[in-house]
Amino acid sequence: MRRRDFSKLTTHTALAALLSAQSNAQRTAREKEHAEVMTQTENLMGGAKLKIAMLAYPGMFLQDLVGPLTMFEALMNRDIHLVWKTKDSVKAGSMVTITPTTTLKECPNDLDVLFVPGGLPGTQQMMDDDDVLNFLAEKGKTAKYVTSVCTGALILGAAGLLKGYKATSYWNTLETLKVFGAIPTEDRVVIDRNRMTGGGVADKQWSGFRRPSSIGSR
């Protein structure tokens, strides 16, 4: 074999070895990344599942339920219970129905999250419903987080769960929280210890579809 041919062969062999090493290194890196992802997923899925109970009552605002529900469903390690007196469908507004998955009696104890949506006239009816208020009062004793959106805070208040806590609600009902011993707070979201309440979707300045004077004025 001539020196030139030997040199070419050596070069090709070295190049092949280098490419093989790079391929092995890339494959090892991919395998490592995959293993890390699997480990993280297993950690998220491991242990006891989060127990989330969301009150689904007639006359609630659909968006008040669906928004938080969408977020909760994104969690990998959770059991979500849409709770009502029966498993019969309930109307959220005039056109859409929601099917509860769990009754008040079947709802598990020691919840991680207890959630109440808002909505009129449903809120007013729930504030006078002993079955619902007793359920919330009982589950609220041990729930890690007691939460609401919009006028759902009034239902929590009627159940005695906001006494001495800062809280918010739909702007037009904010002062009503005082009736239940809560401390009305004009923030979109209020967190006081394990109580989390959210204001309504509509801001005070947008009520009645009125535009703020700073918008569109000339």
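Where a number appears in this text, it was derived from the coordinates with a stated rule and is not lab data. Treat the numbers as computed from the prediction; the structure is a model and nothing was measured. Every residue, glycine as well, gets a Cβ built from its backbone with ideal geometry; the counts of neighbours run over all protein chains shown.
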## Note on the structure
Ranked on Cβ counts within 10 Å of their own Cβ, fewest leading, 89, 94 go 94, 89
### Summary
Neighbour-count ranking for 197, 102 (other C-beta within 10 angstrom, fewest to most) reads 102, 197
### Summary
So for R0 = 30 Å, FRET eff. of residue 49-residue 138 from the Cβ-Cβ r, to 0.05, ends up at 0.90
### Query
To the nearest 0.05, what FRET efficiency results for residue 110 and residue 70 with a Förster distance of 22 Å applied to their C-beta separation?
0.35
### Query
Computed FRET efficiency, Cβ-Cβ of residue 97 and residue 33, R0 35 Å: what is it to the nearest 0.05?
0.20
### Message
Could you work out how much longer the chain between residue 79 and residue 183 gets when fully extended? Use 0.36 nm per residue separation minus the Cα distance between them, nm to one decimal.
### Response
34.3 nm
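Within the range 91-166, which trypsin sites (Lys or Arg not before Pro) sit in a loop by DSSP and count at most 14 neighbouring Cβ atoms inside 10 Å? Let's see the in-between values first.
Numbers: sites: 91, 105, 139, 141, 144, 163, 166; in loops: 105, 141, 144, 163.
Sites meeting the loop and neighbour criteria: 105, 141, 144, 163.
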